[in-house]
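Notes follow the structure.
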Amino acid sequence: MKSLSRNIVMAMLIATIVSQVSAQVKLNKTAIKIDSNSTFKARQNSSIVFTAVPSSSNLYDRTDKQVLPSSVPQSEVHLSFNPTNPLNILLSCNTFPNGYSEQGYFYSFDWGKTWNGANWLANNGFGRGDPSTAFDASGNAYIETMSAPDLNADADGYLIQKSTNGGGSWLSQVRGAGPIADGDKPMIAADNMAASPYKNYLYCAWGSTFIQFNRSTDGGVSFSSRVALSTSASQGANVQTGPNGELYVCFADYGNGPGAATGVDLTRSTDGGATFNAHITFNFTGIRTDPDPNPLFNNTRVNDFPSMSVDKSGGPHRGRRYIVVAGKDNGNGKGVIYFTYTDDNLSFAPLKEISISNATESWFPWIAVDDTNGDIYVNYYAFIRVHNGRQIPTLLIQMMAEIHFQIKK
């Protein structure tokens with residue numbers, strides 16, 4: 001296990017922890033490896049090799065561990081690893097201790113073997129949900145939560161809480177943005193590269209009608225005015241940093257209104273978030289419906305937000321941006337996982353389906369790149385087809401399968 005980088009473990013833990021804390025049951029899991037011989041091929045291509053694990057690879061399906069056994073529902077998990085101490089993990093999730101969406105925090109100093117934390121934020125911190133976490137290059141930890149007038153009100157911005165000891169204790173919350181309209185779905189990222197000219201900068205993007213952005217250049221003490229990164233209906237911002245101080249924000253484009261996404265936009269900053277370059281876009285048909293929940297997904301809420309990761313390794317694809325998203329097969333079929341990437345921020349590689357062919361629906365993907373060698377890992381949920389093409393019974397459909405991919409170059 002010690003050959004695995006922080007990002008690989010993060011990708012695997014996200015799915016494993018979500019299986020525990022969102023439904024608070026153990027879910028069936030399948031783990032496979034894809035060896036695509038330097039080319040990302042469509043799932044229908046017979047040259048893709050599916051290999052069950054454990055195998056000779058370094059991808060394993062470990063025993064599930066619930067972070068905090070509790071009767072309180074927990075969902076929407078986000079976690080990060082400390083670049084100065086990879087044994088240190090920080091996790092935050094929505095919690096519902098009193099019937100309202102609040103937020104908890106959990107931390108580990110032994111690579112996830114044992115955990116501490118609570119179903120609410122430290123220092124009486126206000127938590128409205130939609131959490132994200134980050135570590136900067138100096139090992140400082142950050143938790144983001146939506147702000148709101150009260151626990152039953154709509155979000156009106158976001159709050160930041162900082163820890164200088166890996167999550168053991170926390171400073172008082174600082175307002176990152178607000179009060180404002182449309183404070184939904186924020187995500188933070190910190191520049192965690194020691195050699196970056198913008199190391200320890202903290203970034204946030206958010207919004208459910210259009211994407212807004214701001215930054216902190218002083219470790220979360222103060223934040224800049226917000227700027228708009230989109231002008232049309234958009235949501236699901238994903239914020240990542242590159243190996244040399246680059247900043248990337250991608251999000252789903254919804255055209256002129258609600259319903260399924262019509263594309264993904266990506267924009268870049270090379271000056272620490274002061275300005276952004278022109279957007280590049282790829283088109284696809286998303287899986288989200290309006291209204292939801294969606295009967296195709298066992299009457300649960302689903303989205304078609306993108307997940308992005310950047311290669312920070314010393315390998316041949318250093319700096320490459322990878323994106324996965326859930327969309328309709330051929331624009332009108334079942335839910336599948338699409339994969340693409342860009343090297344030059346001028347255009348995307350053609351979309352490829354990477355979800356397994358015997359899944360009736362696939363959704364909620366997440367991607368991470370190994371910082372040490374550039375290997376790519378994707379998690380997603382899927383309903384699995386069984387005998388004679390018949391879908392598994394409803395009880396088992398609720399026990400969604402987690403599929404772990406390793407795409408070797």
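The values are calculated or read from the model by the stated rules, or taken from the named source; none is laboratory data. A quick note: this is a predicted structure, and the numbers were derived from the prediction, not measured. Cβ coordinates were reconstructed from backbone atoms using ideal geometry, including for glycine residues, and neighbour counts include every protein chain displayed.
Remarks
- Failed item in (1) touching a Pro at 6+ places or on another chain (Cβ under 6 Å); (2) surrounded by fewer than 20 Cβ atoms within 10 Å (Cβ to Cβ), with Trp206 passing the rest: (2)
- Residue under evaluation Asp110, criteria (1) under 20 Å from the mean Cα position of the chain (by Cα); (2) among the acidic types (Asp, Glu); (3) loosely packed, with under 15 Cβ neighbours inside 10 Å, criterion not met: (1)
- Just so you know, in region 253-267 the residues that are at pLDDT 95 or above and touching an Asp or Glu at 6+ places or on another chain (Cβ under 6 Å) include one that is surrounded by the most Cβ atoms within 10 Å (Cβ to Cβ), and it is Ala261.
- Qualifying residues in region 275-317 (those that are among the basic types (Lys, Arg) and surrounded by 15 or more Cβ atoms within 10 Å (Cβ to Cβ)) - the one nearest to Ser216 (Cα to Cα): Lys312
- Qualifying residue in region 125-133 (condition: over 22 Å from Phe223 (Cα atoms), assigned to a loop (DSSP other than H, G, I, E, B) and not small (Gly, Ala, Ser)): no
- Residue match in region 152-159 (condition: more than 22 Å from Gly207 (Cα to Cα) and surrounded by 24 or more Cβ atoms within 10 Å (Cβ to Cβ)): no
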